[in-house]
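What follows is a single structure, written as structure tokens, with notes after it.
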Amino acid sequence: MPTIQSIAGQLEEHPDVALIAKVRAGDISAYDQLVRKYERQLFRIAQHITQNREDAEDVMQDAFLKAYEKLDQFQGNSKFYTWLVRIAVNESLMRLRKRRTGKMVSIDEDIETEEGSVPRDLADWAPDPEQNYNQSELAEILRKTIQGLPQGFRIVFVLRDVEGLSTEETAETLGLSIPAVKSRLLRARLQLRERLSRYFHRKKSPRETGIAK
Amino acid sequence: MTCKEFLALLDDLIDGTVPAETRSELQAHLGRCPHCEVVFNTTRKTIQIYRSHEIYELPSGIQERLHAAIMARCKKGC
């Protein structure tokens, strides 16, 4: 029997908590609401990790189904969204392992250890540089650029900067230490910046150009 | 403050997690180092661009397929 205090406590909780309670009570439409709320994020994360559209679709579906089945295991002390993201990240990595049979896949892949080097590229960007491209050109540039990052940097950047997880949540989701997340985030940001500079730098004289292909 | 020291705190400056005193030191460095100013502005812009552009659109029909799969699973045991 809920007490007045516990009801008051629930009112202050995240809106997902009420939806989850409904799902647990058998209201499937409440789960649909959770799916609609987070499907874009989960699909993006899966696509960033697997880099394959079909895999990302499968991962998204499997992650939502798994979360549904395991809802009883969900502890209210972590956010439903970060719990869901953790499932999707694990599903994505499993999918990658299947594709690359015999090859280990982990978020530690391709991480070189050089730290703290000062960027050399001094080229400033044009004001609002993205306006020099149409939507599909820009999306292609952004996709190509982020796909070129080492996987361990890419996942951290996506979770932290695109999907808005905190450093702590990112560390917990990926099983990394907080310093490791911070160090990867800095390098991911700097590498992306440098790569985007090819497309976004201010126009120079013809002699100076020729970086971008 | 050197460029390397600035860079070590770049993320904290971007994320707004530096104490006021450090922040003014970082801003003083920005005021006299055009190199770091470019790095700071363009890194911030990089994040903003990735945050504000959808680069992977949700495939059409995926919501219906997902809903059907959940309903099918639900019928089996919920």
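All of the numbers you see were taken from the coordinates with simple rules; none came from a lab. Worth saying up front: this structure is predicted, and the values here are computed from it rather than measured. Quick reminder, even Gly has a Cβ in these numbers, built from the backbone with ideal geometry, and neighbours come from all protein chains shown.
Note on A:148-157: average number of Cβ atoms from other chains within 10 Å of each residue's Cβ is 0. Exposure proxy ranking for A:Arg184, A:Arg95, B:Arg51, based on other Cβ atoms within 10 angstrom of each Cβ and starting from the fewest, stands as B:Arg51, A:Arg95, A:Arg184.
Just list whichever of A:Lys79/A:Lys182; A:Lys98/A:Lys182; A:Lys79/A:Lys144; A:Lys144/A:Lys203; A:Lys37/A:Lys79; A:Lys22/A:Lys79 have alpha carbons separated by over 23 Å in the model shown.
On the way: A:Lys79/A:Lys182 21 Å; A:Lys98/A:Lys182 29 Å; A:Lys79/A:Lys144 32 Å; A:Lys144/A:Lys203 21 Å; A:Lys37/A:Lys79 14 Å; A:Lys22/A:Lys79 16 Å.
Violating the 23 Å limit, Cα to Cα: A:Lys98/A:Lys182; A:Lys79/A:Lys144.
Label separation (B:Cys33 vs A:Glu168): 3.1 nm, computed from points 7 Å beyond Cα along the C-beta direction. Across peptide B:54-67, the mean count of Cβ atoms from other chains lying within 10 Å of each residue's own Cβ comes to 6. Modelled spin-label separation between A:Arg97 and B:Ser24, with each label point placed 7 Å from Cα along the Cα-to-Cβ direction: 5.3 nm.
Hey, fewest Cβ within 10 Å first, where do A:Arg53, A:Arg143 land in order?
Numbers: A:Arg53 13, A:Arg143 16.
The most exposed by this proxy come first: A:Arg53, A:Arg143.
Taking amide H positions as modeled 1.01 Å from N, with prolines and chain starts lacking one, the residues under 5 Å from A:Trp125 and 5 or more places away or on another chain are A:Arg202. For region A:4-99, the relative contact order is 28 percent, taking Cα pairs closer than 8 Å that sit 6 or more residues apart in sequence and dividing their mean separation by the residue count. Counting Cβ atoms of other protein chains within 10 Å of each residue's Cβ and taking the mean over peptide A:46-55 gives 1. Exposure proxy shown here: for A:Glu91, B:Glu5, the number of other Cβ atoms within 10 Å sets the order, fewest to most, as B:Glu5, A:Glu91.
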